[in-house]
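A.B. asks: Let me begin by handing over the structure; questions about it come next.
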Amino acid sequence: TTVSATCGVTSLALGGFADRENYGSIWLTWWLGDVAGALIVAPFLILWSANRRLQWSRARLVEAALLCSGLVLVTLTVFGGLFSSHAAKYPLESLCLPGLVWAAYRFGPRETATANIILAGLAIWGTLRGFGPFAVSSPNESLLLLQTFMGVTSVLALTFAAVVSKKRRIEQSRERLLEEL
């Protein structure tokens, strides 16, 4: 991400497409975008390409639909202007976290990465339309704030999902060993 941002911004500056006075802020925006992509998009692509099969029961599918619906509703409330007259006055971005925790605890890393993609997509859409806690006067500042939030949120959710998944594998292994004894 560092090399990409440096090469990209340097080539823009040398080509006259970017002001050299703004090199630092352009570099930070580029770098943070690359980091956010690495933390949000890459896990989604890697985890789904590693295992594309869904072996869920009907109850599991219903739970996944409820999770997705709830996450979309909360994200549209926070970032999309839904109930905007009331919600716009409050910093509600932390309301998105329970959906990610639900995905991490009940489903696993792959589904948590999917929830991150849904959250990021809707948050970007809403912020670009001027809604949400990160929609400030400068589009660049809005982008930086949103990328930082999404990067931190993604790391926390995926870490929690990995820990829960590891704990489940250990418990299953323990159960098998106890059965063998």
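A.B. asks: Would the stretch 71-78 turn up any residue that is within 21 Å of residue 143 (Cα to Cα), outside any loop (DSSP other than H, G, I, E, B) and touching an Asp or Glu at 6+ places or on another chain (Cβ under 9 Å)?
C.D. replies: yes
A.B. asks: Follow-up. If only one of 27, 48, 56 is open to solvent by 50 Å² or more (accessible area, probe 1.4 Å), assigned to a helix (DSSP H, G or I) and out of contact with any Lys or Arg (no Cβ under 9 Å at 6 or more places or on another chain), which one is it?
C.D. replies: Details: 48 fails: out of contact with any Lys or Arg (no Cβ under 9 Å at 6 or more places or on another chain); 56 fails: assigned to a helix (DSSP H, G or I).
None of the others qualify; the one that does is 27.
A.B. asks: Assuming residue 167 fulfils every condition listed in (1) open to solvent by 80 Å² or more (accessible area, probe 1.4 Å); (2) within 25 Å of residue 26 (Cα to Cα); (3) not hydrophobic (A, V, I, L, M, F, W, C) apart from one, which condition is it?
C.D. replies: (2)
A.B. asks: Would you pick out the residues in the stretch 125-150 that are surrounded by fewer than 20 Cβ atoms within 10 Å (Cβ to Cβ), assigned to a helix (DSSP H, G or I) and in contact (Cβ under 8 Å) with a residue 24 or more places away in the chain?
C.D. replies: Here is the first cut: in the stretch 125-150, the residues surrounded by fewer than 20 Cβ atoms within 10 Å (Cβ to Cβ) are 125, 128-130, 135-145, 148.
Retained after the next criterion (residues that are assigned to a helix (DSSP H, G or I)): 125, 128, 139-145, 148.
Correct list: 125, 140, 143, 144, 148.
A.B. asks: State all residues of the stretch 8-57 that are β-branched (Val, Ile, Thr) and over 24 Å from the mean Cα position of the chain (by Cα); if no residue qualifies, say none. If you could, list the steps in order and put the result at the bottom.
C.D. replies: As a first pass, look at the stretch 8-57 and keep what is β-branched (Val, Ile, Thr): 9-10, 26, 29, 35, 40-41, 46.
Within the stretch 8-57, 9, 10 qualify.
A.B. asks: Is it true that residue 155 is in contact (Cβ under 8 Å) with a residue 40 or more places away in the chain, open to solvent by 30 Å² or more (accessible area, probe 1.4 Å) and farther than 22 Å from residue 50 by Cβ?
C.D. replies: Values: in contact (Cβ under 8 Å) with a residue 40 or more places away in the chain: yes; open to solvent by 30 Å² or more (accessible area, probe 1.4 Å): yes; farther than 22 Å from residue 50 by Cβ: no.
Criteria not met by residue 155.
The values are calculated or read from the model by the stated rules, or taken from the named source; none is laboratory data. This one's a predicted model, so the numbers in the text were calculated from it and none came from an experiment. Here Cβ is always computed from backbone atoms with ideal geometry, including for glycine, and neighbour counts include all displayed protein chains. Just the protein is used for accessible areas: all its heavy atoms, side chains included, with ligands, DNA and RNA removed. Shrake-Rupley method; radii C 1.70, N 1.55, O 1.52, S 1.80 Å.
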